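Structure, as structure tokens:
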Amino acid sequence: MSKKYWLLFLIGLPVLFLLWYFTIKNNDYAIKFEAKALPGEIVYRVDSPIFDKMEINNSEIKSDFSKVIQETELNAESYELTWIIKPKNDSISEVKVKVSNKNNSFKDRFFLLIGQNKFQKEMKAEIAYFKKALSTNRALYTVQLEGKSVIPENTCACITTNSKVDQKAFEMMKTIDILSNYILENDLETLGRPRILINSWNKQTKNINFSFCFPIAKMQTYPKDLLIDIQKITSEKALKASFHGNYMFSHNAWFHLLDYAEKNNIEVKSENILEIFKDNPQMGGDESLWEAEIYFPILE
């Protein structure tokens with residue numbers, strides 16, 4: 001190759017790199033880490049405000065829990081974060097966070113190129129803060145998979161409401177006295193522990209519709225109440241898990257059951273998920289010992 005072509009090559013290569021770096025590359029930089037959690041557990045924590053200084057304006061969750069796109073603000077700068085989550089093995093996930101400055105991307109890339117990366121260090125500190133918060137949260141509960149089972153059939157007195165997934169425990173606390181008074185005032189016989197039936201679950205918005213229920217004995221007619229309806233929870237095949245921890249985190253068992261179903265080629269529903277609570281939070285005690293049975297219906 002002649003000196004002329006070598007010269008063109010040596011000049012052209014940096015030009016092509018700069019062209020790619022400043023105009024084609026789809027993010028300013030990326031931050032990677034690993035976490036001992038399933039993708040769903042990570043995604044739903046990403047959507048929660050557990051950063052140090054960074055504020056979340058909007059989150060868009062992909063339905064298979066592989067990606068979250070966020071609009072954020074940190075130190076008066078607006079960023080788009082693209083979280084890509086992939087399972088590494090049965091217990092660890094790999095996380096890659098692509099960062100783009102929405103208004104000053106060229107400036108950030110230029111300063112990174114010349115070795116000035118104060119803003120990158122600030123973002124790395126926020127991601128490290130999130131990782132620590134995720135680890136702390138994950139230690140608050142345990143999930144034990146039990147395989148195939150059957151949802152127990154019951155007739156129940158229920159109150160149905162809409163909520164975010166991570167707010168269902170608060171909704172239950174708001175209505176438990178109404179259900180308890182209905183049982184006591186009408187002298188109804190209870191036949192088991194309180195439970196919730198998830199009627200619908202939007203994985204992307206985290207919205208659920210659920211019925212909070214007390215199982216009661218069958219009767220010809222039931223006392224009428226404007227807030228309470230009588231529902232029959234039918235028996236059907238399901239995957240079962242045992243959850244231990246504060247019930248506000250019990251939805252994390254859903255991710256473990258979904259993961260088990262995928263790995264074992266079992267089709268499951270996203271509705272009629274049943275949680276049976278074996279302990280009464282109003283009695284206090286060690287939250288790590290609170291137990292719930294989680295049933296994920298099998299699609300047949």
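Structural remarks
- With respect to the stated conditions, Thr205 is of a type outside the set (A, V, I, L, M), modelled with pLDDT under 95, under 16 Å from the mean Cα position of the chain (by Cα) and surrounded by fewer than 19 Cβ atoms within 10 Å (Cβ to Cβ).
- Filter pass, Asp279 being charged (D, E, K, R), in a loop (DSSP other than H, G, I, E, B) and surrounded by 14 or more Cβ atoms within 10 Å (Cβ to Cβ): yes
- Sole residue being under 20 Å from Thr234 (Cβ atoms) and under 17 Å from the mean Cα position of the chain (by Cα), chosen from Ile298, Ile273: Ile273
- Residues (farther than 14 Å from Asp47 by Cα and either surrounded by fewer than 17 Cβ atoms within 10 Å (Cβ to Cβ) or out of contact with any Ser or Thr (no Cβ under 7 Å at 6 or more places or on another chain) (or both)) located in the range 74-86: Leu74, Asn75, Ala76, Glu77, Ser78, Lys86
- Taking the criterion of being without any contact (Cβ under 8 Å) to a residue 24 or more places away in the chain and assigned to a loop (DSSP other than H, G, I, E, B), the only residue of the range 126-153 that qualifies is Ala139.
- Verdict on Lys131 being open to solvent by 80 Å² or more (accessible area, probe 1.4 Å), closer than 14 Å to Asp28 by Cα, at pLDDT 80 or above and out of contact with any Pro (no Cβ under 6 Å at 6 or more places or on another chain): no
- Any hit, the range 236-257, residues being open to solvent by 70 Å² or more (accessible area, probe 1.4 Å) and more than 19 Å from Ile198 (Cα to Cα): no
- Subset of the range 18-39 [modelled with pLDDT under 70, outside any helix (DSSP H, G or I) and farther than 12 Å from Thr82 by Cβ]: Lys25
- Glu60 at pLDDT 90 or above, out of contact with any helix residue (DSSP H, G or I) (no Cβ under 6 Å at 6 or more places or on another chain) and of a type in the set (Asp, Glu): yes
- Matching residues in the range 154-189 - criterion: being over 16 Å from Glu271 (Cα atoms), open to solvent by 70 Å² or more (accessible area, probe 1.4 Å) and not in a helix (DSSP H, G or I): Asp187, Glu189
The values are calculated or read from the model by the stated rules, or taken from the named source; none is laboratory data. Source: prediction; values computed, not measured. With ideal geometry, Cβ positions are generated from the backbone for all residues, glycine too; neighbour counts draw on all protein chains shown. Keep in mind that these areas ignore ligands, DNA and RNA; they rest on the heavy atoms of the full protein, side chains included. Shrake-Rupley method; radii C 1.70, N 1.55, O 1.52, S 1.80 Å.
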